[in-house]
Amino acid sequence: MASSTTNKKEIVDFLWEWAEGNGNWAKLLVQKVINSEDRLQDSDRIETFKYFLESIGLVKELSKLSFSKPSYSPSDQHIELRSLSEVSGVNRLAKNQTIDFSPNITVIYGENGTGKTGYGRILKALGFSYDINDTIYSNIFGNPQQLKSAKINYKVNGNDNTFTWNGENRVKELENISVFNNDCVQISLDGSRQLIVSPIGFHLFNLVSAELGELYSLLQTKKSEHSTQLFWIENLHKGTPQQKFINGLSKDSTEKCLNELSNFTLEHEKDLKKEVSELSKLNKSLLQKDIRSLQSQSDELLNLINKIKTAKNILNAESWKKLIELNKQIAELEKSTQKGIKGIAEDKGIEYFETKEFKDFLSSAEAYIKILNKPEYPEDSDVCVYCRQPLKQPAEELLTSYRALLNDKTEENITKVKKDKQQLISKVKNEVEARLQLNHESFGLDEQNKPEQPQKLQDYNQQLAKLKKIFVDDNVAKGGVFKFKYADYIQFFTEKKSEINKALEEKSELFGNLDKKEKELKDKIAGLKDRELLSNKKEEVKKVISNHKVLSVLNNYSNAFNTSSISRKTSQAREELISQNFNQIFQDELKALRKSSLPIELSFGTDRGRSKLSHRIGNRQLLEILSEGEQKAIAVSEFLTELQLDNIKAPVIFDDPVNSLDHKIIDALSKRMMRLSKDRQVVIFTHSVLLFNSLLYLSTQSNFKSVKCSFFNVKKDYGEVGIITEAREEKNKVKENITKINKLINNTPKDRSETDLAKEGFAELRSAVELFIEHEVFNGTIQRYQKHISLGKFINVKSDIISKHKESLNDIYERCCGFISAHSNPQILHNDPTLDDLKSDFDEFKDIRKEFV
């Protein structure tokens, strides 16, 4: 926002001092900024940059400049809002509403959720505030996609203007509107912040700083035009003189050196062919391939030998013999078990004793006896566990014999021996490999050009596979002997591995002797190839050397557009022109709001040409130690102080400015706003009855009779908010309640029950009775929210009529309290009110009121 207040010392003096220290380009910049009081056009910016380039020797033959210190006359504007209308798509604000603003002060009163802030958000989106959040939502309960729009009529220096807002666009004059809301308190007092109002002429520092940033961008663009990149540099060979020269290109690189390194003659061409031919004869790649192949063969043979050794350790005469022994043990144990049962069964004449079913039968009986916990079964008097009949001597002896056999450890031993046998067989099956194969040409290649599999390896696989199968299938014959000569195979493949290792050692030694010669040849070839490449790129390299020289100059002056020097000059100007005046105005504002006793310390700083403000009490931030009311008062004082730094008289918007303030400060703030409205238009959105009535009272006082005031109500009605009506009388008058009751009785909403409507009506009637007694019966002698007692009005109280109607009024009041939820009485029989009940009491109330009004 452009600024305009006059100062004793010229702002231009400080800007010119800065410019004189930086040369003609800086003087030209200051001159153009002062003349435009706005961001420069691209053409002006480019012209300034050209003179900067001339000052560092990169541009010649520009027109000579002659300067004298420019003069600066701050602009003077008076901006006034006329009306806000045709609002659409903003929160739930109703259509076809108009706020006609008073030239001095306009007060819009409404309860929470009635739409005040919606109107305030529109004005805030057009202007500026500590709170930079300008997000405005459409009606999220209705049509959230509805486009935002509003019509604003306003005046600039007496000339009428109209602006149509679409939710995003702004107009320059209305950007001077300042807005203070609750969020501004935290932002204003939290640490340090930039001033939202640029003191008179100080916006020029901001503009110069911004243009320095743009000039720096032009500098970066200029640097990018002088590329030093060579896309073929990767084609050079590391370590060659040419590669070192190109990698080290700088402003100090010379064409002489370039010519020496890029000269490529026929003699150089012959040498290159000769060196390439000699290198090819070394056949190093083939040698490397042989070495890799021999190493792979050696590794594979070692792995094969280890597998044979593994088989030797697992499948051998010892394991063969062990398997035979285990089979023998199993047979003997099973024979012993079978023999015991057989003898008993044959002796007793039992059939099918060898079947599985018979054995399961015995095992089940034994398990059942153990469940019965009869370790000595059968004993005298025991019965059969199956048929529950008494046991005779032969049966008892038979059972005793069966139990002795079943509890014998022979079966357990059989299980253990079988497990050992299975583990032995599994180890042979899983760990002995009998299908070994070579994947490298240790023994050459066959007719299909695949690695030869020697007969020895085939014999090994064939014979070992047979033995393994016999073992795994448990077909080892009793008395059989294991015969397999692992040592022959191990020796065969070990000898082959030694042969290959010897060849590998010989080739590796040969390879080591070739490195030195190969390196020499490669270095010569790389140098010749790079010389040839450089000979074809000579002009491109010359251009890069030239660019390096330009970039060196540009980099040396890259700090020319640093904003630190203009920030220091801003600090100097601020200290001499603002600080003392700001402190004095701030203290006056604190005094006006009864907070001058707070020892607040203000300090200023600069950030990129912008003035910053911080405040503390002692070593504490204000938000840490002050109450909410004190914070609000101080934030408002700072806001009002900043407005006085600028001579543009634009509207000031306050959105609920008295939250957390006591009645004394509210009265003081009301007076301050009335005085402020004499200099600039003030618009106040509030839900505070105290503030509204205080402003209304002041508007009738003689010292503010010249102040033109407008007072409005903002209400909600059936889902819509922002309904604007005039409100010249004090808030909380009887007429408001009467209007609401009439609406409930005569325009009954269909979507609500009669009981709900009647309860709401009795609540309004209760308030009407209270306000009637306060304002009309006692003639406003003592009023809520007012600090004075009017004895002159007390004389006009109609005491005789009070005695006549006081009992009826009390009865109506008590019925109201009984019907509304906030005053329910559990000791009284509950009856829901009806609209007829409401109409009856309301008519009686109106009849009584007629005698007082």
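The values are calculated or read from the model by the stated rules, or taken from the named source; none is laboratory data. Just so we're clear, the structure is a prediction, and the values are computed from it rather than from any experiment. Quick reminder, even Gly has a Cβ in these numbers, built from the backbone with ideal geometry, and neighbours come from all protein chains shown. Each accessible area value is taken on the protein alone, full model and side chains, heavy atoms only, with ligands, DNA and RNA left out. Shrake-Rupley method; radii C 1.70, N 1.55, O 1.52, S 1.80 Å.
Residue-wise test of (1) farther than 24 Å from GLU173 by Cα; (2) within 29 Å of the chain's Cα centre (by Cα).
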position: ASP38; (1), (2): no, no
position: GLN77; (1), (2): no, no
position: VAL90; (1), (2): no, yes
position: ASP100; (1), (2): no, no
position: GLY120; (1), (2): no, no
position: ALA125; (1), (2): no, yes
position: PRO144; (1), (2): yes, yes
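Take the residues in the stretch 313-324 that are part of a helix (DSSP H, G or I) and open to solvent by less than 90 Å² (accessible area, probe 1.4 Å); name whichever of them is farthest from LEU438 (Cα to Cα). Step by step, filter the stretch 313-324, then rank; the result is ILE324. Scanning the stretch 675-701 for residues that are part of a strand (DSSP E or B) and aromatic (Phe, Trp, Tyr) yields a single hit, PHE685. Among the residues making up the stretch 446-462, those that are open to solvent by less than 100 Å² (accessible area, probe 1.4 Å) and more than 16 Å from PHE492 (Cβ to Cβ) are ASP446, PRO451.
Counting only residues that are surrounded by fewer than 21 Cβ atoms within 10 Å (Cβ to Cβ) and over 39 Å from the mean Cα position of the chain (by Cα), the stretch 103-118 holds 1 of them.
Taking every residue in the stretch 544-558 that is within 8 Å of LYS251 (Cβ to Cβ) and pairing it with any residue that is open to solvent by 30 Å² or more (accessible area, probe 1.4 Å) and in a helix (DSSP H, G or I), at least 6 positions away or on another chain, the pairs with Cβ-Cβ distances below 7 Å are LEU551/LYS223. If only residues of the stretch 159-182 that are open to solvent by less than 50 Å² (accessible area, probe 1.4 Å) and assigned to a loop (DSSP other than H, G, I, E, B) are counted, the one that is farthest from ILE648 (Cα to Cα) is GLY167.
The helices (runs of 4 or more DSSP H) found wholly in the stretch 212-306 and carrying at least 3 residues that are within 14 Å of LEU534 (Cβ to Cβ) and either free of Cβ contacts under 8 Å to residues at least 12 places away in the same chain or not hydrophobic (A, V, I, L, M, F, W, C) (or both) occupy 241-247, 255-262.
Just so you know, in the stretch 523-570 the residues that are over 47 Å from the mean Cα position of the chain (by Cα) and either among the small types (Gly, Ala, Ser) or part of a loop (DSSP other than H, G, I, E, B) (or both) include one that is nearest to LEU212 (Cα to Cα), and it is LYS537. Within the stretch 129-185, being more than 22 Å from HIS78 (Cα to Cα) and of a type in the set (D, E, K, R) holds for ASP131, ASP134, LYS148, GLU168, ASP183.
Inclusion of PHE511 among residues that are at pLDDT below 90 and within 27 Å of LYS284 (Cα to Cα) is warranted. With respect to LYS27, determine if the residue is within 19 Å of LYS222 (Cβ to Cβ), open to solvent by 30 Å² or more (accessible area, probe 1.4 Å), out of contact with any strand residue (DSSP E or B) (no Cβ under 7 Å at 6 or more places or on another chain) and of a type outside the set (Val, Ile, Thr). Criteria not met by LYS27. Scanning the stretch 277-312 for residues that are within 18 Å of ARG435 (Cα to Cα) and among the hydrophobic types (A, V, I, L, M, F, W, C) yields a total of 6.
Looking across the stretch 43-75 at every residue that is among the aliphatic types (A, V, I, L, M), open to solvent by 50 Å² or more (accessible area, probe 1.4 Å) and over 40 Å from the mean Cα position of the chain (by Cα), the one that is nearest to PHE163 (Cα to Cα) is identified as LEU65. Could you please find all residues in the stretch 604-633 being touching a Lys or Arg at 6+ places or on another chain (Cβ under 8 Å), at pLDDT below 75 and of a type outside the set (A, V, I, L, M, F, W, C)? Those that are touching a Lys or Arg at 6+ places or on another chain (Cβ under 8 Å), at pLDDT below 75 and of a type outside the set (A, V, I, L, M, F, W, C): GLY605, THR606, SER611, LYS612, SER614.
Determine whether the stretch 139-150 contains at least one residue that is outside any helix (DSSP H, G or I), modelled with pLDDT of 90 or more and surrounded by 13 or more Cβ atoms within 10 Å (Cβ to Cβ). For the stretch 139-150, residues outside any helix (DSSP H, G or I), modelled with pLDDT of 90 or more and surrounded by 13 or more Cβ atoms within 10 Å (Cβ to Cβ): present.
The set of residues from the stretch 76-95 being over 26 Å from GLN644 (Cβ atoms), open to solvent by 50 Å² or more (accessible area, probe 1.4 Å) and either modelled with pLDDT of 90 or more or in a helix (DSSP H, G or I) (or both) comprises just one member, GLU86.
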